[in-house]
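Here the structure is laid out as structure tokens; the discussion comes afterwards.
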Amino acid sequence: EYGGLYLQSTLSAMEDKVDKVFLPGDTLINLQKAPNLKIRLGPGISQQQDEITVFKSGIIRHRSPDLYWIENNQKRYVPAVDDFVLGIIVDKHGGAGNTAGGWVVDIGSYQHASLSFFAFEGVTKKNIPKLKTGNVVYARVTVASKDMEPEIACVTVDGKTDCFGPLTGGYMFQCSLGLSRECFRTDSMILKTLGNYFPYEVAAGANGRIWVHSGECSHTILISNAILNSEFMNNSQIESMCKSLVARLSEK
């Protein structure tokens, strides 16, 4: 989930704006007219006095129960609290006995992120994960500020592992921020269609990276290519494309 500021508003006042395009400066809602329920503001939306306004162009998305954010296809990833990201271990700082120690992680942003030794569920000084340079981790952004280096953790807000942690095997590839966020959605057409043909695992990061793992290398390659090809396709084109790729694979 994305982080954000809790504000008073009515949910119904925002529902008609979901999946519509807004430009910087557009006002979404006046808080004086909607004082009843709470919403959370994610990337691209902010409060200006009594108004909730947009400061990035894009499409408004909603995640139940109360999160709203602007989705766009900017080239550079800018970390936001509670973003799910795929990172690559690039270095280590501090020893196992150092509570300030951890790993330096490339998350594709303006600077590397920091992953503490203790940013895992149930970790003590005796069982710190043995991560090496080049390892891939799925993590959640916990600190995001232009004046500080980003910090990530492999636990949920409640301190549980859930889907986070080191990812073994599989294949990670780079894509546009828009495509990776699309694959993060539970109703992603391309992921559902591919699931009809192969059992596989996928981890999509808000930072324009996707990790795929399946039982066979040929399936992993096909799934990765299908996801990349799907970015500008409609649902019927996605179904046709997947069917064609699977048919070609079966002929080999």
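The values are calculated or read from the model by the stated rules, or taken from the named source; none is laboratory data. Since we're looking at a predicted model, the values are computed, not measured. Using ideal geometry, Cβ is built from the backbone for each residue, glycine included, and neighbour counts are taken over all protein chains shown. What goes into the accessible areas is simple: the full protein's heavy atoms, side chains included, and nothing from ligands, DNA or RNA. Shrake-Rupley method; radii C 1.70, N 1.55, O 1.52, S 1.80 Å.
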Assess whether K146 counts as being under 23 Å from I45 (Cβ atoms), open to solvent by 40 Å² or more (accessible area, probe 1.4 Å) and among the basic types (K, R). yes
Determine whether E121 is farther than 17 Å from P79 by Cα and either part of a strand (DSSP E or B) or at pLDDT below 95 (or both). yes
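The rows are residues; the columns are (1) crowded, with 18+ Cβ neighbours inside 10 Å; (2) more than 20 Å from P166 (Cα to Cα); (3) at pLDDT 95 or above; (4) among the hydroxyl-bearing types (S, T, Y).
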{"residue": "R76", "(1), (2), (3), (4)": "no, yes, no, no"}
{"residue": "K92", "(1), (2), (3), (4)": "no, no, no, no"}
{"residue": "I107", "(1), (2), (3), (4)": "yes, no, yes, no"}
{"residue": "S116", "(1), (2), (3), (4)": "yes, no, no, yes"}
Being closer than 27 Å to L67 by Cβ and small (G, A, S) is the requirement here; does G215 meet it? no
For the stretch 102-134 the number of residues that are touching a Leu at 6+ places or on another chain (Cβ under 9 Å) and without any contact (Cβ under 8 Å) to a residue 24 or more places away in the chain is 2
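Matching residues to (1) among the charged types (D, E, K, R); (2) surrounded by 14 or more Cβ atoms within 10 Å (Cβ to Cβ); (3) touching an Asp or Glu at 6+ places or on another chain (Cβ under 9 Å); (4) modelled with pLDDT of 85 or more:
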{"site": "G3", "(1), (2), (3), (4)": "no, yes, yes, no"}
{"site": "D16", "(1), (2), (3), (4)": "yes, no, no, no"}
{"site": "G25", "(1), (2), (3), (4)": "no, no, no, yes"}
{"site": "Q32", "(1), (2), (3), (4)": "no, no, yes, no"}
{"site": "L41", "(1), (2), (3), (4)": "no, yes, no, no"}
{"site": "S46", "(1), (2), (3), (4)": "no, yes, no, yes"}
{"site": "G58", "(1), (2), (3), (4)": "no, yes, yes, yes"}
{"site": "L67", "(1), (2), (3), (4)": "no, yes, yes, no"}
Taking interchain pairs and intrachain pairs at least six residues apart, which have beta carbon atoms under 7 angstrom, with the first residue in the stretch 135-148 and over 14 Å from V85 (Cα atoms) and the second at pLDDT below 85 and open to solvent by 30 Å² or more (accessible area, probe 1.4 Å)? none
Pairs, first hydroxyl-bearing (S, T, Y) in the stretch 159-172, second at pLDDT below 95, C-beta under 6 Å, six or more apart: T161/E121
Checking A226 against (1) over 30 Å from H112 (Cα atoms); (2) out of contact with any Gly (no Cβ under 9 Å at 6 or more places or on another chain), the condition it does not meet: (1)
Considering residues of the stretch 151-202 that are closer than 21 Å to I227 by Cβ and of a type in the set (D, E) only, the residue modelled with the highest pLDDT: E201
Filter the stretch 124-143 down to residues that are open to solvent by less than 70 Å² (accessible area, probe 1.4 Å), in contact with a strand residue (DSSP E or B) (Cβ under 9 Å, 6 or more places away or on another chain) and either farther than 21 Å from Y77 by Cα or polar (S, T, N, Q) (or both), then give me how many there are. 4
